[in-house]
Amino acid sequence: MAQRNEAGTLGQEVEALRQQLLVQREELNILRSGAGTGQNAVSIERATQQQLLGRIQGLEAQNAVLKEDILLFERLIPVAGEGAVIRIENFRVAQEVPGHFRYRLLLAFQPDRQSPDFRGRLQLVIDFDLAGKAVQLLLPDKRESVAEYQLELKHFLRREGAFELPVGAVLLGVEARVLQGDTLKFKRLAQL
């Protein structure tokens, strides 16, 4: 009878341990699912932060462009007694492939009563280094069409183009000049 008692007690202990094990497994599953949810929440939060950071950077870039545009339009407000004025705005030069460059500029003309429009020409002065020697190139040169560099505008004119430098040349600077006849009206160095 003592053995039966011990066997019964042992059976009850085993059953109690089984119940305890089942309860602990359920708790473990609940904790695991909670941890997974927490990790998902952290991942979602990180992704949202990255998206917001990207939007903020995009908005900051857009804001900078708008501020630049506002400055341009503020400069175009006529000053009393001032004659017609032509300016070069946003002159940029970028390298596309080695030796091949693209330029882009915006011409802004502020007319007056005597000069309702502007007629002139654009000239580019390109300074570069070739094998330790400073070289200057004027565009348009004799090989290029002069018509491409003629200017006729009432208010704004965007001009884009390209030029090439010899192999091994290092671009030092580019200056755009606006000429009316042989008179220099405006000049500006490019942002490289």
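The values are calculated or read from the model by the stated rules, or taken from the named source; none is laboratory data. Quick caveat, the model's predicted, so the values are computed rather than measured. Using ideal geometry, Cβ is built from the backbone for each residue, glycine included, and neighbour counts are taken over all protein chains shown. When the accessible area is computed, the model is the full protein with side chains, heavy atoms only, and any ligands, DNA or RNA have been set aside. Shrake-Rupley method; radii C 1.70, N 1.55, O 1.52, S 1.80 Å.
Just a few scattered comments:
- Based on protein heavy atoms only, the chain ends up with 73 Å² per residue of surface accessible to a 1.4 Å probe.
- Angle between the chain longest axis and helix 2-76 axis [Cα atoms, degrees, rounded to 10]: 10 degrees
- Among 10-17, 179-186, the order from most to least packed when residues are scored by Cβ within 10 Å on average: 179-186, 10-17
- Sites Asp141 and Ala47, calculated FRET efficiency, Cβ-Cβ separation with R0 41 Å, nearest 0.05: 0.15
- Among Lys67, Lys154, Lys133: highest mean-square fluctuation, GNM of the chain, C-alpha pairs under 10 Å: Lys133
- Difference of contour (0.36 nm per residue) and Cα-Cα distance, Leu184 to His100: 27.5 nm
- Selection among Gln50, Leu139, Val167 by position relative to the dipole of the chain gives Leu139 as farthest towards the positive end (Cβ unit charges, Cα centre).
- Gain on full extension, evaluated as 0.36 nm per residue between Val170 and Glu27 minus their Cα-Cα distance, stands at 44.5 nm.
- Mean-square fluctuations from a GNM of the chain, with a 10 angstrom spring cutoff on Cα atoms, peak among Leu151, Leu28, Leu137 at Leu28.
- Pairwise Lys count, the chain - Cα closer than 24 Å, eight or more residues apart or different chains: 7
- Fraction of accessible area attributable to carbon and sulfur, the chain (%, probe 1.4 Å): 55 percent
- GNM on the chain, alpha-carbon springs under 10 angstrom: the most fluctuating residue among Ala131, Ala94, Ala108 is Ala131.
- Rounded to the nearest 20, the Cβ-based charge dipole of region 107-163 about its Cα centre (Lys and Arg +1, Asp and Glu -1) stands at 140 debye.
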